[in-house]
Amino acid sequence: MSGHTYHTDDLIFGVPAGFTDRTVHALEWEVNGDRLALALQRETVRPHQSLEQIYNVAIGGYPKQLLGFRVDEEKTLDLGGLDVRAVRFRWKHDKGVMYHHQVFFVLDGKSFVFTATGPAKASAKVDTLIEQALAELRLRES
């Protein structure tokens, strides 16, 4: 069986070839008693799959998955030539109203989704997580 050397920030290890990398990075903070999180998901783009399709499939499922789902804002951004779809939305959790700010983009044959989340009362802090991630975004050299 031919293998693949897989790299993370902390480890290098062998895995069998032919896997699909659906890595999710999740970072959390506690700010003034509010738990905030920033997650990054990635997946290989299927042939002929557009950013718009990726975005619509994700957003289209939210009303069924999230109680009281409500979109605050949807917009398209140009990030130095990179097309980005952004959405801000709220939904009802058993601990209160949650706020999410997501950005979708395709880079180097992969789709990426940043999701920042926290309680609705901390929406400005949640937005700052996304703004900082996008301001410092660059493709890491192999």
Exercise. If we count other beta carbons within 10 Å of each Cβ, what is the order of LEU129, LEU82, fewest first?
Worked result: LEU82, LEU129
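Nearest 500 deg cm²/dmol is fine: what mean residue ellipticity at 222 nm does the chain get from its DSSP H runs of n ≥ 4 alone, each adding -39,500 (n - 2.57), divided by its residue count? Mind dumping the intermediate values first?
Numbers: 2 runs with 28 residues, N = 142.
Result for the chain, helices only: -6500 deg cm²/dmol.
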For this session: Kindly rank 131-139, 87-95 from highest to lowest mean number of other beta carbons found within 10 Å of each residue.
Result: 87-95, 131-139
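Calculate, in nm to one decimal, what LEU79 and GLN53 gain on full extension: separation in residues at 0.36 nm each, minus their alpha carbon distance. Write out the running numbers ahead of the final one.
Working: separation 26, 0.36 × 26 = 9.36 nm, distance 1.91 nm.
7.4 nm is the gain from fully extending LEU79 to GLN53.
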Problem set entry | Degrees between helix 51-65 axis and first principal axis of the chain (Cα, 0 to 90, nearest 10) | 50
For this session: On a 0 to 90° scale, report how tilted helix 123-135 is relative to the longest principal axis of the chain, with both axes built from alpha carbons and the result rounded to the nearest 10.
Result: 30
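Anything over 22 Å Cα to Cα? Flag those among LYS75/LYS125; LYS64/LYS125; LYS75/LYS95, in the order listed. Write down the numbers at each step before the final one.
Details: LYS75/LYS125 19 Å; LYS64/LYS125 27 Å; LYS75/LYS95 28 Å.
Long pairs (Cα-Cα over 22 Å): LYS64/LYS125; LYS75/LYS95.
Only the coordinates and a few stated rules stand behind these numbers; no lab work does. Keep in mind it's a predicted model, so treat the numbers as computed, not measured. Heads up, the Cβs are rebuilt from the backbone with ideal geometry, glycines too, and the neighbour counts pull from every protein chain shown.
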